[in-house]
Amino acid sequence: MRWVADTGPVLHLAEADALDLIPHLGDVAIPPAVREELFRLQPTVNLSPDVRVVPLVERNLVEADDWCRAGLVDRGEAQAIALARQLGADVLLTDDATARLFATTLGLQARGSLGIILWLAGQRRISQANAARHLDRLAATSLWVSPRVMGEARAALNRLGGA
């Protein structure tokens, strides 16, 4: 699968000491604005070599800039969405609700940090116990997740274990 990430999921996985999950996803790309934002927010982040920084072609860069000027999404999110379209990505990784909604209106599938863990567990790329540990770690990061949503994620993980 081909994935494109904005800053949120990579940052939250880094905060949860879970960047080791990224190679399990497959092909993961980020645009330059996301790389810049990551290193500004967490200068010591150790990005996996499995995360490729891919520049936007002019047409997609202009598209991303237009979305920013219109106030639809922020720069990193706009570039990630434009890069997902450019690469024909299977999934956009974003923890931002507005970016997720905007991406889906453009026909992109979007998942967040919790979705990454659940997808990996569902694909049997990580164990249910490992997934549960990662959910616990994510709950202690800067990712804001309501208790209801976290409860739903844990229930989904439990259902996966019974499958």
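The values are calculated or read from the model by the stated rules, or taken from the named source; none is laboratory data. Keep in mind the model is a prediction, meaning the values are calculated, not measured. A quick note on method: Cβ atoms are made from the backbone with ideal geometry, for glycine too, and the neighbour counts reach across all protein chains shown.
Key figures
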item	result
Filtered residue count, segment 101-126, keeping only those that are more than 19 Å from Leu38 (Cα to Cα) and of a type in the set (Lys, Arg)	2
Listing of helices (runs of 4 or more DSSP H) fully contained in segment 94-163 that carry 3 or more residues being in contact with a His (Cβ under 9 Å, 6 or more places away or on another chain) and under 23 Å from Asp6 (Cβ atoms)	113-122
Checklist (1) in a loop (DSSP other than H, G, I, E, B); (2) without any contact (Cβ under 8 Å) to a residue 24 or more places away in the chain; (3) under 15 Å from the mean Cα position of the chain (by Cα) applied to Ser48, failing item	(2)
The listed residue being farther than 15 Å from Phe102 by Cα and among the small types (Gly, Ala, Ser), out of Gly71, Gly76, Gly26	Gly26
Search result, residues across segment 16-34 that are within 14 Å of Leu47 (Cβ to Cβ), modelled with pLDDT under 95 and in a helix (DSSP H, G or I)	Leu19, Asp20, Leu21, Ile22, Pro23, Leu25
Close pairs (6 angstrom Cβ cut-off, 6 or more residues apart or separate chains): outside the structural domain of Gly88 (by TED's automatic domain parsing) in segment 54-65, part of a helix (DSSP H, G or I) and polar (S, T, N, Q) anywhere	none
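For every residue, the table says whether it meets (1) within 22 Å of Ala153 (Cα to Cα); (2) at pLDDT 95 or above.
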site	(1), (2)
Glu77	no, yes
Leu83	no, yes
Ala89	no, yes
Leu92	yes, yes
Ala97	yes, no
Ala110	yes, yes
